């Protein structure tokens with residue numbers, strides 16, 4: 001199997017697992033991705049759209065749904081009135097912690113399926129792969 005095909009299948013499988021393990025949160029995968037990407041001290045909309053790889057209009061729709069559900073707030077940036085900052089509410093912080101707990105649980109479940117003698121090597125390879133993807137993303 002070519003690397004691109006393997007990568008595509010890996011992404012499909014991971015998305016499916018994330019949906020299954022987080023269905024009790026009643027969020028879509030894009031909403032989960034967004035909630036996981038908002039730092040506790042807030043972030044501006046442009047940086048957030050770059051971080052999760054969506055355009056501003058898509059991000060605005062996602063943010064508006066999360067505002068409606070009282071998970072996030074959106075305020076004008078006091079340093080630059082043209083930009084908006086996104087912050088987690090208290091219930092958003094609780095939801096973010098729940099998302100992290102579910103992701104950690106999923107990660108542990110999968111990792112424990114790997115033979116113990118291969119676990120360190122898999123972690124190292126995934127770390128290297130993540131670094132490579134991050135560098136590639138920064139070039140774009």
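The values are calculated or read from the model by the stated rules, or taken from the named source; none is laboratory data. Computed from a predicted model, the values in this text were never measured in an experiment. Virtual Cβ from ideal backbone geometry, glycine too; neighbours counted across all protein chains shown.
Total residues in the stretch 66-86 satisfying the condition of being under 12 Å from residue 34 (Cα atoms) and part of a helix (DSSP H, G or I): the figure is 1. Touching a helix residue (DSSP H, G or I) at 6+ places or on another chain (Cβ under 9 Å), modelled with pLDDT of 95 or more, part of a helix (DSSP H, G or I) and surrounded by 13 or more Cβ atoms within 10 Å (Cβ to Cβ), is that true of residue 63? So residue 63 fits the description; yes. Looking only at the stretch 75-112, which residues are within 22 Å of residue 50 (Cβ to Cβ) and under 19 Å from the mean Cα position of the chain (by Cα)? Answer for the stretch 75-112, where residues must be within 22 Å of residue 50 (Cβ to Cβ) and under 19 Å from the mean Cα position of the chain (by Cα): 85, 86, 87, 88, 92, 96, 99, 100, 103.
In summary, residue 133 fulfils each of the numbered conditions (1) modelled with pLDDT of 90 or more; (2) part of a helix (DSSP H, G or I); (3) surrounded by 12 or more Cβ atoms within 10 Å (Cβ to Cβ) with the single exception of condition (3). On the basis of being farther than 30 Å from residue 70 by Cα, in contact with a helix residue (DSSP H, G or I) (Cβ under 6 Å, 6 or more places away or on another chain), surrounded by 10 or more Cβ atoms within 10 Å (Cβ to Cβ) and at pLDDT 95 or above, does residue 114 make the cut? So residue 114 fits the description; yes.
Scanning the stretch 15-60 for residues that are exposed (fewer than 13 other Cβ atoms within 10 Å of the Cβ), under 15 Å from the mean Cα position of the chain (by Cα) and part of a loop (DSSP other than H, G, I, E, B) returns 40, 53.
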